[in-house]
Amino acid sequence: MSRSYRHGSNQAATVVAVVADIMAVILGLWILFALLDANRANDLVTVVHDAASWLASWSHDLFTMDTDWLRTVLNYGLPAVVYLFIGHAIAGRLRRG
């Protein structure tokens, strides 16, 4: 394989890994904001909440615990772990391929 082709796949792998990391950070930031009872009228909190809700839309109410903090951690933490796992697995395949 040519050197430029392999370099391109490394760049693609890096992009995939960074996107997965950013998605996980957004979800983790929302968990932190929710646990610390951040001011939901703040623009940053609103943007992070909207993005996290969209990213975790497939797992909303997957867990229905009685305690709010545990429900938030599970329903937003699971997608963060899934995005990290899948994103880095794809990045690894791109680097090897």
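A few notes on this one:
- Subset of segment 34-56 (residues that are within 13 Å of Gly77 (Cα to Cα) and either outside any loop (DSSP other than H, G, I, E, B) or open to solvent by 70 Å² or more (accessible area, probe 1.4 Å) (or both)): Ala34, Leu35, Ala52, Ser53, Leu55
- A Cβ distance below 9 Å, combined with a sequence gap of six or more or placement on separate chains, defines the contacts here; from segment 67-85, residues that are touching a residue at least 60 places away in the same chain (Cβ under 8 Å) reach residues that are of a type in the set (Asp, Glu) and part of a helix (DSSP H, G or I) in the pairs Tyr83/Asp21; Leu84/Asp21.
- Cβ-Cβ distances below 7 Å connect the following pairs, each with a first residue in segment 37-53 that is aliphatic (A, V, I, L, M), a second residue that is open to solvent by 60 Å² or more (accessible area, probe 1.4 Å) and in a loop (DSSP other than H, G, I, E, B), and a separation of six or more residues or different chains: Val45/Asn39.
- Among the residues of segment 57-97, those that are closer than 12 Å to Ala17 by Cβ and either outside any helix (DSSP H, G or I) or aromatic (Phe, Trp, Tyr) (or both) comprise Tyr83, Phe85.
- Ser59 passes every criterion in (1) at pLDDT below 95; (2) open to solvent by 70 Å² or more (accessible area, probe 1.4 Å); (3) within 13 Å of the chain's Cα centre (by Cα) apart from (2).
The values are calculated or read from the model by the stated rules, or taken from the named source; none is laboratory data. All figures in this text were calculated on a predicted structure; none of them were measured in a lab. Glycine also receives a Cβ, built like all others from the backbone with ideal geometry; neighbour counts cover every protein chain displayed. Accessible surface is based on the protein model in full, side chains and every heavy atom, while ligands, DNA and RNA are left aside. Shrake-Rupley method; radii C 1.70, N 1.55, O 1.52, S 1.80 Å.
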